[in-house]
Structures are given as C-alpha cells and as structure tokens.
1. Here are some residues: ARG35, ARG14. Which one is at pLDDT below 90, within 27 Å of the chain's Cα centre (by Cα) and over 21 Å from MET117 (Cβ atoms)?
2. All but one of (1) under 30 Å from MET53 (Cβ atoms); (2) in a helix (DSSP H, G or I) hold for ARG123; state the number of the condition that does not hold.
3. Residues that are more than 19 Å from SER20 (Cα to Cα) and under 18 Å from the mean Cα position of the chain (by Cα): does the range 116-139 have at least one?
4. Anything in the range 121-161 that is closer than 19 Å to VAL90 by Cα, free of Cβ contacts under 8 Å to residues at least 40 places away in the same chain and open to solvent by 50 Å² or more (accessible area, probe 1.4 Å)? List them, or say none.
5. I'd like the full set of residues that are within 12 Å of the chain's Cα centre (by Cα), without any contact (Cβ under 8 Å) to a residue 12 or more places away in the chain and not in a loop (DSSP other than H, G, I, E, B), limited to the range 50-85.
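The values are calculated or read from the model by the stated rules, or taken from the named source; none is laboratory data. All values reported here derive from a predicted model rather than from experimental measurement. Ideal geometry is used to build each Cβ from the backbone, glycine not excepted, and the neighbour counts take in all protein chains shown. Ligands, DNA and RNA are stripped out before the accessible areas are found, and what is left, the full protein with its side chains, is counted by its heavy atoms. Shrake-Rupley method; radii C 1.70, N 1.55, O 1.52, S 1.80 Å.
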Amino acid sequence: MATKLLDGIKFLLRLISCISICLLTIIVFMQVINRNFFDHSFTWVEEVVSMAMVFVTYMGAAMATINNSNTRIDFFIRKLPRPVHNVFEVLDDGICIVFLVVITAMSYKLMLSNWSMVTPALRLPQGINYFAIMLGCILMIIFYLIQMWLHICKVMGKDTTKAEEVLNR
C-alpha cells in the first residue's frame, strides 16, 4: 500500500514537472517568435512562465529529496565509521525538516495574504506561487521523514536495503 502511494506521488511529481517544462518551452518559443517576427507579444507569458518555474523548482526539489540526490557536502561525514555516519544522517534529516517546516509556515502565510490579489493579465491568484512552495516543502518534509526513519533503522542495526530499493526505483 505505502509502496503504491509512494510510486503514485513520484509519478505525479514527474508528470507535473514534465508538463511544466513542456509548457515553459512552448510558451517561451511562441513569445520569441511573436516578438521577433510579428512585433507583438502576449501579456500573459511572464505570469505563466514564472508560475511554471516555481512549480518545476519545488517539485524537482521534492523528487531530489525522495531519491536522496539533493545537494550535500558530505565528504568528511562519509569518512566516519558507519554507525557515526548514520547518526549524522539522522541529524542532517532533522535539520532539513526543521528548516522546511519554517519555510512551509512562511509560505502558507504568504499564500493566504496574496490569494486575494490577482495577476494583471490572467487574473489568477498570486498566492499560487506560494502554494507551489508550500506543497513542495510539505512533500520534502514527508520524504525527509521517510529518509530519517531509514537512517534511524540503520543506527539500530536493521537492514534497510529493500526499503531503499523501493525509494530509488
């Protein structure tokens, strides 16, 4: 059950990211053609592109988190003995979770305060960008909790290879 849910979330993240990147490419291409060949530009392009970029950024960050491929500087930590290394991994996950909780709370407040303001061209709520940030951070918190649980299991001496295989497919 949890495996299917996780696979579904990963699929949705990939789908949203792919759609956003395709949308970005098509819209920016249309804008370039219109400006250079027809001396006309769409007024709504910048709004859609900025929203799509926020979604791509935070959904991509969530995908990097679940695949444990986010940026880290762990050269010295990997040199430590395995049990100590795992303790540092738990600590790292905890720090990331605290940071993401703060960002989630701030983005929630900003989303609520900007939801009534609309974009000039499309009349969409400006809080959509903050919703994307909040959603990405919530997903990253969930994924960091899963990673933290696996690292705690490693500290306790349990085998986590099957669970890690499920996460990395």
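1. ARG14
2. Failing condition for ARG123: (2).
3. Yes, because at least one residue in the range 116-139 is more than 19 Å from SER20 (Cα to Cα) and under 18 Å from the mean Cα position of the chain (by Cα).
4. Within the range 121-161, ILE138, ILE142, TRP149, MET156, GLY157, LYS158, ASP159, THR161 qualify.
5. ALA64
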